[in-house]
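Below is one structure, written out as structure tokens; the observations come after it.
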Amino acid sequence: MLVNNFRELQALILDFVKERNWTSFHNPKNLAMSISIEAAELMEQFQWLSLEESNQKLQDSVMKSQVEDEIADVLIYALSFANAANIDLKQAIVNKIEKNRIKYPVD
């Protein structure tokens, strides 16, 4: 399946959620918690590893696949949150980068 942008990803996820009748569970509160839970599962992949071990883990295809699954879960829930909260992610990211440019100037 070819997806070209955030809106298409959000639509793909929204369709997935609707097909399973999960819409009532996908509210901002539950989705915010789910983002945090999935982020913790991503962190768990690297818990107790040194920096070198962490980098090595990503060289192993099986282990990298596990990490990819966890980061995908984080992003899926983030996109679901954007759907539930009616947030234009593209614009939100552009706005945040502009705020960061002011907060963290190059100089």
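No value in this document is a laboratory result; all are computed from the given coordinates. Here the structure is a predicted model, which means the values were calculated and not measured. Because the Cβ atoms are built from the backbone with ideal geometry, glycine has one as well, and the counts that use them run over all protein chains shown.
Details
- Chymotrypsin sites (Phe, Trp or Tyr not before Pro) restricted to DSSP loop in the stretch 29-107 with at most 16 other C-beta within 10 Å: PHE46, TRP48
- Charge context of ILE97, other residues only, Cβ under 13 angstrom, K/R +1, D/E -1: +4
- Under 18 Å from the Cα of LYS90 - lysines, other chains or at least 8 residues apart: LYS99
- Listed by Cβ neighbour count within 10 Å, with the fewest neighbours leading, LEU2, LEU51, LEU58, LEU9 appear as LEU2, LEU51, LEU58, LEU9.
- Selected from ASN83, ASN30, ASN95 as most flexible by GNM, with the chain as the system and alpha-carbon contacts under 10 Å: ASN95
- For GLN45, no residue whose modelled amide H falls within less than 5 Å of its own remains once neighbours fewer than 5 places apart on the same chain are excluded.
- Computed magnitude of the charge dipole of the chain (debye, nearest 20; Cβ of K, R +1, Cβ of D, E -1): 600
- Lys/Arg +1, Asp/Glu -1 at C-beta; the chain dipole; positive extreme among ILE93, ASN30, TYR77: ILE93
- Shape category assigned to the stretch 63-107 from the gyration tensor of Cα positions, a/c cut at 1.5: oblate
- Exposure proxy order (Cβ contacts within 10 Å, fewest to most) of VAL106, VAL3: VAL106, VAL3
- Relative contact order for the chain, counting Cα pairs under 8 Å that sit 6 or more residues apart, in percent: 39
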